[in-house]
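Asker: What follows is a single structure, and I will ask about it in a moment.
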Amino acid sequence: MKLNVVVSLLLLLISTATCCPPSDRRALLAFKSALHEPHLGIFNSWTGQDCCHNWYGVSCDSLTHRVADINLRGESEDPIFERAHRTGYMTGHISASICELTRLSAITIADWKGISGEIPKCITRLPFLRTLDLIGNQISGGLPYDIGRLNRLAVLNVADNRISGPIPKSLTNLSSLMHLDLRNNLISGVIPSDIGRMKMLSRALLSGNRITGRIPESLTNIYRLADVDLSGNQLYGTIPPSLGRMSVLATLNLDGNKISGEIPQTLMTSSVMNLNLSRNLLQGKIPEGFGPRSYFTVLDLSYNNLKGPIPRSISGASFIGHLDLSHNHLCGRIPMGSPFDHLEAASFMFNDCLCGKPLRACLKK
């Protein structure tokens with residue numbers, strides 16, 4: 001009899017030691033209660049005492065049994081979506097109870113389309129957080145002003161929401177951040193002038209906002225930066241020539257701003273392969289200096305105030321896949337040979353006096 005009691009107590013202790021703490025379970029249920037998901041039933045599995053086993057989208061640390069990841073995506077190849085033949089839709093808000101899960105390393109609540117409210121300010125008190133992915137909702141309000149406290153954060157993705165206000169100055173304290181995606185929000189103000197402190201940053205995607213001011217020179221101090229998208233904002237001033245001296249920058253999208261001045265010659269022989277400067281106020285000539293190091297999958301200079309001829313050196317580029325020089329004030333003969341022999345007339349339309357294939361023939365003098 002006594003042996004049975006001892007065995008029962010041992011089994012109880014073992015099961016308790018391998019379950020998530022009751023406090024984590026309560027926090028998850030409070031988080032769930034602020035959300036409404038009417039079609040898929042993703043929260044149907046959130047039953048029982050152990051939130052570390054078979055709770056959809058919840059993962060725990062194998063040693064501490066504390067909740068470590070919340071991974072809820074409204075667009076997924078998970079069988080639950082395939083059976084329903086639809087993507088997810090969820091309303092409600094992100095409850096501050098999520099901040100009680102103090103061992104969280106990843107929060108992904110993405111592509112639910114109807115989740116609104118603000119990002120809980122207490123989220124900046126999660127010391128182990130490495131991923132915050134809230135893309136594709138209706139979240140409003142500003143980014144937490146002290147977001148720079150999250151010194152382990154590597155991914156910050158709040159694209160496709162309704163976030164407003166300025167970029168917090170403390171953002172530049174995120175020395176571990178590698179992926180920054182603020183696209184398609186209502187963010188205003190300027191890009192912090194000391195953004196160059198973010199030495200680990202490889203992607204800076206800020207397009208489709210209301211950001212003003214100049215492109216910070218310090219941006220070019222980020223050695224790892226490979227992808228910069230500042231398109232669809234209200235940036236003005238000139239393009240820093242040092243952008244063309246960045247060793248791994250492959251994509252530079254500045255289209256749809258109010259950027260003026262001349263195109264830096266450094267961009268013509270840089271590592272940039274996708275260069276879009278269209279729909280700005282750029283002036284002067286297209287720089288000479290194309291050569292074997294010039295490799296562009298996209299080179300779009302359309303809808304500016306560029307003048308003069310198309311530089312002959314452009315024929316020396318090793319590759320140009322898509323070229324658009326339309327809607328400028330260019331004049332003169334379109335060079336022959338590559339890349340011009342595979343381009344259509346739309347690439348050159350609406351200039352002052354360009355001639356030659358694929359446009360009208362030039363007049364003989």
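The values are calculated or read from the model by the stated rules, or taken from the named source; none is laboratory data. Keep in mind it's a predicted model, so treat the numbers as computed, not measured. Because the Cβ atoms are built from the backbone with ideal geometry, glycine has one as well, and the counts that use them run over all protein chains shown. Ligands, DNA and RNA are stripped out before the accessible areas are found, and what is left, the full protein with its side chains, is counted by its heavy atoms. Shrake-Rupley method; radii C 1.70, N 1.55, O 1.52, S 1.80 Å.
Asker: Failed condition for residue 165, given (1) touching a strand residue (DSSP E or B) at 6+ places or on another chain (Cβ under 6 Å); (2) in a strand (DSSP E or B), with all others met?
Answerer: (1)
Asker: Within region 287-330, how many residues are open to solvent by 30 Å² or more (accessible area, probe 1.4 Å) and hydrophobic (A, V, I, L, M, F, W, C)?
Answerer: 2
One line per residue, one yes/no per condition, for (1) farther than 20 Å from residue 183 by Cβ; (2) small (Gly, Ala, Ser); (3) at pLDDT 95 or above; (4) touching a His at 6+ places or on another chain (Cβ under 7 Å):
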site	(1), (2), (3), (4)
212	no, no, yes, no
217	yes, no, yes, no
222	no, no, yes, no
226	no, yes, yes, no
231	no, yes, yes, no
234	no, no, yes, no
242	yes, yes, yes, no
250	no, yes, yes, no
254	no, no, yes, no
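Asker: Which residues, taken from region 33-56, are under 25 Å from residue 139 (Cβ atoms) and touching a helix residue (DSSP H, G or I) at 6+ places or on another chain (Cβ under 9 Å)?
Answerer: 33, 34, 39, 40, 41, 42, 43, 46, 51, 55, 56
Asker: Using beta carbons and a limit of 9 Å, which pairs, at least six apart or on different chains, have the first residue in region 77-106 and over 17 Å from residue 133 (Cα atoms) and touching a residue at least 60 places away in the same chain (Cβ under 8 Å) and the second one open to solvent by 60 Å² or more (accessible area, probe 1.4 Å) and of a type in the set (Lys, Arg)?
Answerer: 97/26; 100/26
Asker: Evaluate region 194-202: report whether one residue or more is modelled with pLDDT of 95 or more and closer than 24 Å to residue 102 by Cβ.
Answerer: There is no residue in region 194-202 that is modelled with pLDDT of 95 or more and closer than 24 Å to residue 102 by Cβ.
Asker: Let me ask something else about it. Among the residues of region 228-261, count how many are over 27 Å from residue 135 (Cα atoms), part of a loop (DSSP other than H, G, I, E, B) and in contact with a Leu (Cβ under 8 Å, 6 or more places away or on another chain).
Answerer: Total satisfying the criteria: 3.
Asker: Separate question: Return only the number of the condition from (1) open to solvent by 60 Å² or more (accessible area, probe 1.4 Å); (2) farther than 24 Å from residue 208 by Cα that residue 78 does not satisfy.
Answerer: The number of the failed condition is (1).
Asker: For region 154-175, which residues satisfy the criterion of being among the polar types (S, T, N, Q), open to solvent by less than 40 Å² (accessible area, probe 1.4 Å) and over 14 Å from the mean Cα position of the chain (by Cα)?
Answerer: Residues satisfying the conditions are 170, 172.
Asker: Inside region 22-44, can you point out the residues that are over 28 Å from the mean Cα position of the chain (by Cα), surrounded by fewer than 18 Cβ atoms within 10 Å (Cβ to Cβ), at pLDDT 95 or above and of a type in the set (Gly, Ala, Ser)?
Answerer: Once the filter is applied, which keeps residues that are over 28 Å from the mean Cα position of the chain (by Cα), surrounded by fewer than 18 Cβ atoms within 10 Å (Cβ to Cβ), at pLDDT 95 or above and of a type in the set (Gly, Ala, Ser), region 22-44 yields 23, 30, 33.
Asker: In region 96-122, which residues are of a type in the set (S, T, N, Q) and not in a loop (DSSP other than H, G, I, E, B)?
Answerer: 97, 108, 116
Asker: Just for region 216-262: of the residues that are β-branched (Val, Ile, Thr) and open to solvent by 10 Å² or more (accessible area, probe 1.4 Å), which one is farthest from residue 171 (Cα to Cα)? Steps first, answer last, please.
Answerer: So the first thing to find is which residues in region 216-262 are β-branched (Val, Ile, Thr), and the list is 220, 222, 228, 238-239, 248, 251, 259.
Narrowing further to those that are open to solvent by 10 Å² or more (accessible area, probe 1.4 Å): 220, 238, 248, 251.
Working: 220: 17, 238: 24, 248: 23, 251: 22 Å.
Restricting to residues being β-branched (Val, Ile, Thr) and open to solvent by 10 Å² or more (accessible area, probe 1.4 Å), the top hit is 238.
Asker: What tally of residues in region 59-74 results from selecting those that are open to solvent by 70 Å² or more (accessible area, probe 1.4 Å) and either of a type in the set (Ser, Thr, Tyr) or within 27 Å of the chain's Cα centre (by Cα) (or both)?
Answerer: Total satisfying the criteria: 3.
Asker: Can you find a residue in region 331-341 that is in a loop (DSSP other than H, G, I, E, B), under 13 Å from residue 268 (Cα atoms), of a type in the set (Gly, Ala, Ser) and open to solvent by 10 Å² or more (accessible area, probe 1.4 Å)? Can you show your working first?
Answerer: Taking region 331-341 and keeping what is in a loop (DSSP other than H, G, I, E, B), we get 334-339.
Retained after the next criterion (residues that are under 13 Å from residue 268 (Cα atoms)): none.
Looking through region 331-341, none of the residues is in a loop (DSSP other than H, G, I, E, B), under 13 Å from residue 268 (Cα atoms), of a type in the set (Gly, Ala, Ser) and open to solvent by 10 Å² or more (accessible area, probe 1.4 Å).
Asker: From the residues in region 194-227 that are within 21 Å of residue 164 (Cβ to Cβ), polar (S, T, N, Q) and in a loop (DSSP other than H, G, I, E, B), which one is nearest to the chain's Cα centre (by Cα)?
Answerer: Among them, the one singled out is 207.
Asker: Checking the structure you have, find out if any residue of region 336-353 is aliphatic (A, V, I, L, M) and in contact (Cβ under 8 Å) with a residue 24 or more places away in the chain.
Answerer: no
Asker: Here's a follow-up. Against the definition (over 16 Å from residue 34 (Cβ atoms) and at pLDDT 95 or above), how does residue 104 come out, yes or no? Break it down stepwise before answering.
Answerer: Numbers: over 16 Å from residue 34 (Cβ atoms): yes; at pLDDT 95 or above: yes.
In short, yes.
Asker: Are there any pairs, at least 6 apart or on different chains, whose C-beta atoms fall under 7 Å, with the first in region 27-56 and under 18 Å from residue 117 (Cα atoms) and the second outside any helix (DSSP H, G or I) and open to solvent by 50 Å² or more (accessible area, probe 1.4 Å), and if so, which?
Answerer: 34/93
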